[in-house]
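The values are calculated or read from the model by the stated rules, or taken from the named source; none is laboratory data. Source: prediction; values computed, not measured. Note that we place each Cβ from the backbone using ideal geometry, even for glycine, and neighbour counts take in every protein chain shown.
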Amino acid sequence: MTFRKFAAASTVSLLALGSTAQAQTQIDWWHAMGGELGEKTEALATAFNAAQSEFVVVPSYRGTYTETMTGAIAAFRAGEQPDIVQVFEVGTGTMMAAEGAIVPVYQLMADAGADFDPNAFLPAVVGYYTDPEGRMLSMPFNSSTPIMYYNKNLFAAAGLDPEQPPRTWAEVEAFSRQIMSSGTAECGFTTGWVSWVQLENFSAWHNQQIGTLENGFGGLETELTFNGPVQVRHWENLARWQQEGVFQYGGPGGGADAPPMFYSQTCGMYMNSSASRAGVLNNTPDFEVGIGMLPYYDDVAGAPQNSIIGGATLWVLAGGSADEQRGVAAFFNFLSSPEVQAQWHQDTGYLPITQAAYELSEAQGYYSANPGADTSIMQMTLNAPTPNSKGLRFGNYVQIRGVIDEEFQRLLAGDVDAQGALDAVVARGNALIREFEAAN
Amino acid sequence: MQTKRTIFGNKGLPYLLLAPQLAITAIFFLWPAGQAVRQSFLREDAFGLSTTFVGLRNYRALFDNPEYLDALQVTVIFSIATVILSLSIALIMALAVDRMLRSAGTYTTLLIWPYAVAPAVAGILWWFIFNPAIGILPFVLEQTLGYDWNHNLTGRDAMILVIIAAVWKQISYNFLFFLAGLQSIPTSLREAAAIDGAGPFKRFWTITLPLLSPTTFFLLVVNVVFTLFDTFAIIDATTGGGPAQATNILVYKVYDDGFVGLNLGSSAAQSVILMMIVMVLTFIQFRYVERKVTY
């Protein structure tokens, strides 16, 4: 090829590229969904792109939740931020405080003139992500709540009723001992996410305060208070059960070692996110899995209350053009349409974020075909949320989660008692919250 | 001995020849290091929307913080153990291979192999072997010695795990340098000593080890830097600094506070302190240890 021909060819191809870029507005979406969930996430973008021709959503996987969030923040500081970023619930405090860096969803929808009804969403989900005036700040995407999985075959072998999951912690202990003494398994139960399941959700489920000012929803001056007698009693029990083998610890954070203990039938019961359902069913071809609600102490007044959510929402970062923001609004409307939501909910085990998606799933016969799939929704909506069970919102909460893990490990290692561990969590956590308050 | 001197006719030429290297140092070291120093005097929210100058507050907060002092202690234990173990095991292996007449090449290749494994991959391998729930080693320990290995809970187990992983990674590198060092020692010296009646141990202590000292000194510096910085991936993949910060070394804490906790001021202050520690250590090594080295 002569140089002239080459130059001509490249000019033509450049022009071609330029024209496609002009025709469609590109919307960058950073997310943290790997593996199977990642494929489902990409499929949502593909479906949206096929459904209209004005915008093109480009999803890109950015690693773990922490990596995605910190990556987006670093990109913002460099002026290269994506339009949409997926942020986990414990990052909510940080994102909310970043006025000027984010575009609240209610404002985005109003600016774009989009048809948008905030009342269509499940209050238990949306309540977590609204400002004190009740306006929606970010778009719920994947929300889940912890539930209990149990091994029906082990239950039957141990002489327990396989259709009856334990309702109270006393039953969890009794069932565990029966499983262990009958020799069917070496441990009773394990859990993922000690911080989220055995402290935050535990507190909400027993209507115990997590922090002052409505668990932090009321302002940055909040203080942690989850070192009350009910939580201390539960952590004391967990430490004792760990000593006796009734409970086995699955590690910090999400508890990476917990699922294998349940899959390999080392433990008969397992508490984790409702979004683990697909993974649990895939990994347990040898036995039947039953699903129940989280256990509670029946002598605590007000228990069971309702559980709270975890998962992530989509935040819109400031700096995009008006066209891009219109595109984001259209994409959010697409995501919350009943058909898309119902499909996403059924594929992944995440909660449906709108009432309509829940009703559609019911009408499609999903819950009758998949017993236990609606346990999470029933548990979350068991009672109207109180100020103690609406959720939680604290600055620097990513680090506080780490502190909870550390103190729990010290408790299990016998370095400190339950009261001491929770007092330390509160003291160290409050110091982090004060630091956040000072920086914002 | 006469010193060689090259005279450049053009005064600008030496600077021009140095320029690429100086530019790289400035862009990739001086500029970021300067940024870190600047950041360490500021308090800033994650997005950089509000910035306050706080003077030495970030540094004072660190030294008032028992967790930081713990991390310092953990780093000292980890570094000393890793450096001593990786140097001595590598030296023993190099001595063994050096005596081999045949198949030394095969052994050398096998021993260098681990160095080609990325630290994160090595970390995952060890994580898998030592995993309390699914790993083979805890199972064997339980069966044979009745020892309940759980690095998720026991700080000592976790420390042993990261030391093993770091040492395993570093042995290859040290081995290669020791072997090259041994091969450059003239055989005649050792033979002469043997004729004079010196046994193998005597020969090792009085001839081999002193003649190896430049290599050992070089490796000491490199290994200390390795344990302080490059072990990040191993810690991240195996213990994540846990349990209860038992393996939270300084460089991991910099990452954890800065990139996970988004506390940039404190993280910057920690990296400045870490930089100073390395400068002081290197200075001490060159000033005092090098005097004992025979070139």
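Tabulated values for the structure
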item	result
Residue check for A:THR168: within 14 Å of another protein chain (Cβ to nearest Cβ) and of a type in the set (Val, Ile, Thr)	no
The one condition in (1) crowded, with 16+ Cβ neighbours inside 10 Å; (2) within 14 Å of another protein chain (Cβ to nearest Cβ); (3) farther than 17 Å from B:ASN248 by Cβ; (4) not hydroxyl-bearing (Ser, Thr, Tyr) that B:GLY123 fails to fulfil	(3)
In region A:243-278, residue farthest from the other protein chains (Cβ to nearest Cβ) [restricted to those that are surrounded by fewer than 18 Cβ atoms within 10 Å (Cβ to Cβ) and part of a helix (DSSP H, G or I)]	A:ALA278
Top-ranked residue in region B:32-53 [being assigned to a strand (DSSP E or B) and of a type in the set (A, V, I, L, M, F, W, C); ranked as farthest from the other protein chains (Cβ to nearest Cβ)]	B:PHE53
Which numbered condition A:ALA373 fails, given (1) within 14 Å of chain B (Cβ to nearest Cβ); (2) at pLDDT below 90; (3) within 18 Å of the chain's Cα centre (by Cα)	(1)
Residue list for region B:54-89, restricted to those being among the hydrophobic types (A, V, I, L, M, F, W, C) and within 13 Å of another protein chain (Cβ to nearest Cβ)	B:VAL54, B:ALA61, B:LEU62, B:ALA71
Region B:212-257 - residue that is among the polar types (S, T, N, Q) and closer than 26 Å to A:TYR397 by Cβ and, of those, nearest to the other protein chains (Cβ to nearest Cβ)	B:GLN245
Single condition B:LEU22 does not satisfy, out of (1) within 12 Å of chain A (Cβ to nearest Cβ); (2) at pLDDT 85 or above	(1)
Lone unmet requirement of (1) within 30 Å of A:GLU67 (Cβ to Cβ); (2) buried (at least 24 other Cβ atoms within 10 Å of the Cβ); (3) out of contact with any strand residue (DSSP E or B) (no Cβ under 6 Å at 6 or more places or on another chain) for A:SER376	(3)
Which listed residue, of A:GLY420, A:GLY391, is more than 9 Å from chain B (Cβ to nearest Cβ) and assigned to a loop (DSSP other than H, G, I, E, B)	A:GLY391
Residues within region B:135-150 that are within 14 Å of chain A (Cβ to nearest Cβ) and surrounded by 16 or more Cβ atoms within 10 Å (Cβ to Cβ), tallied	4
Residue match in region A:318-325 (condition: under 22 Å from A:SER138 (Cβ atoms) and within 14 Å of chain B (Cβ to nearest Cβ))	yes
Pairs, first touching a residue at least 60 places away in the same chain (Cβ under 8 Å) in region B:141-155, second charged (D, E, K, R) and in a loop (DSSP other than H, G, I, E, B), C-beta under 8 Å, six or more apart	B:ASN152/A:ASP257
Single residue of B:LEU49, B:LEU69, B:LEU56 found to be more than 30 Å from B:THR216 (Cβ to Cβ), surrounded by fewer than 19 Cβ atoms within 10 Å (Cβ to Cβ) and touching a Gly at 6+ places or on another chain (Cβ under 6 Å)	B:LEU49
Residue in region A:97-118 that is in contact with a strand residue (DSSP E or B) (Cβ under 6 Å, 6 or more places away or on another chain), surrounded by 14 or more Cβ atoms within 10 Å (Cβ to Cβ), within 14 Å of chain B (Cβ to nearest Cβ) and at pLDDT 85 or above present	yes
Filter pass, A:TYR366 being modelled with pLDDT under 95 and within 23 Å of the chain's Cα centre (by Cα)	yes
Qualifying positions in region B:258-274 - in contact (Cβ under 8 Å) with a residue 60 or more places away in the chain, more than 12 Å from chain A (Cβ to nearest Cβ) and either within 30 Å of B:ILE129 (Cβ to Cβ) or among the hydrophobic types (A, V, I, L, M, F, W, C) (or both)	B:ALA268, B:ALA269, B:VAL272, B:ILE273
Evaluation of B:PRO114 against (1) within 14 Å of another protein chain (Cβ to nearest Cβ); (2) surrounded by 15 or more Cβ atoms within 10 Å (Cβ to Cβ); (3) not charged (D, E, K, R) (one fails), failing number	(1)
Test: residue in region A:24-32 that is modelled with pLDDT of 90 or more and in a loop (DSSP other than H, G, I, E, B)	yes
Residue in region B:93-109 that is within 14 Å of another protein chain (Cβ to nearest Cβ), assigned to a helix (DSSP H, G or I) and in contact with a Ser or Thr (Cβ under 8 Å, 6 or more places away or on another chain) present	no
Qualifying residue in region A:62-80 (condition: more than 14 Å from every other protein chain (Cβ to nearest Cβ), buried (at least 21 other Cβ atoms within 10 Å of the Cβ), in contact (Cβ under 8 Å) with a residue 24 or more places away in the chain and out of contact with any Gly (no Cβ under 7 Å at 6 or more places or on another chain))	no
Conditions (1) touching a residue at least 24 places away in the same chain (Cβ under 8 Å); (2) over 21 Å from A:THR191 (Cα atoms); (3) within 11 Å of another protein chain (Cβ to nearest Cβ); number of the one not met by A:GLN409	(2)
Lone unmet requirement of (1) free of Cβ contacts under 8 Å to residues at least 40 places away in the same chain; (2) in contact with a helix residue (DSSP H, G or I) (Cβ under 6 Å, 6 or more places away or on another chain); (3) within 14 Å of another protein chain (Cβ to nearest Cβ); (4) not hydroxyl-bearing (Ser, Thr, Tyr) for B:ILE207	(3)
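Quick grid of which residues meet (1) at pLDDT below 85; (2) surrounded by fewer than 17 Cβ atoms within 10 Å (Cβ to Cβ); (3) assigned to a helix (DSSP H, G or I):
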site: B:ASN152; (1), (2), (3): yes, no, no
site: B:VAL162; (1), (2), (3): no, no, yes
site: B:TRP168; (1), (2), (3): no, no, yes
site: B:PHE178; (1), (2), (3): no, no, yes
site: B:GLY181; (1), (2), (3): no, no, yes
site: B:LEU189; (1), (2), (3): no, yes, yes
site: B:ALA192; (1), (2), (3): no, yes, yes
site: B:PRO210; (1), (2), (3): no, yes, yes
site: B:VAL224; (1), (2), (3): no, no, yes
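Each row is one residue, and each column tells you yes or no for (1) under 21 Å from A:PRO285 (Cβ atoms); (2) without any contact (Cβ under 8 Å) to a residue 24 or more places away in the chain; (3) more than 31 Å from the chain's Cα centre (by Cα).
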| residue | (1), (2), (3) |
| --- | --- |
| A:GLY159 | no, yes, yes |
| A:PRO162 | yes, no, no |
| A:ARG167 | no, no, no |
| A:GLU173 | no, no, no |
| A:GLY183 | no, yes, yes |
| A:TRP193 | no, no, no |
